Amino acid sequence: MYVVCNEHLDIAIEEFIDVYEQPPDIYELDKVSFTDWTSPHTCDFCDKKPKYLIV
Ligand SMILES: [Zn+2]
């Protein structure tokens, strides 16, 4: 699972496919909410605010 900003979306998708050998599902963080999970405040690849969840 990756949480990334707009800039690192492509990198995260490539990594996901490398690791899991299938395309990820991509969600916009502001359009989903998870009861048991608080979204991280920073991108996995930098310190910006994340925009996408890749699972
Ligand atoms: Zn980033």
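The values are calculated or read from the model by the stated rules, or taken from the named source; none is laboratory data. The model shown is predicted, which means the values in this text are computed figures rather than measured ones. So basically every Cβ, Gly included, is an ideal-geometry build from the backbone, and we count neighbours across all protein chains shown.
Here is how the numbers come out for the structure above:
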{"item": "Restricting the stretch 1-23 to residues that are over 8 Å from the mean Cα position of the chain (by Cα) and aromatic (F, W, Y), the residue that is farthest from the ligand (Cβ to nearest atom)", "result": "Y20"}
{"item": "Contacts under 7 angstrom Cβ, first residue in the stretch 4-30 being closer than 12 Å to V55 by Cα, partner in a helix (DSSP H, G or I), 6 or more apart", "result": "V4/A12; P23/I17; P24/I13; P24/F16"}
{"item": "Sole exception among (1) assigned to a helix (DSSP H, G or I); (2) at pLDDT below 95 for I17, by number", "result": "(2)"}
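Matching residues to (1) touching a helix residue (DSSP H, G or I) at 6+ places or on another chain (Cβ under 8 Å); (2) hydrophobic (A, V, I, L, M, F, W, C); (3) surrounded by 16 or more Cβ atoms within 10 Å (Cβ to Cβ):
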| residue | (1), (2), (3) |
| --- | --- |
| Y2 | yes, no, yes |
| C5 | no, yes, yes |
| E14 | no, no, no |
| E21 | no, no, no |
| D30 | no, no, no |
| P40 | no, no, no |
| D47 | no, no, no |
| L53 | yes, yes, yes |
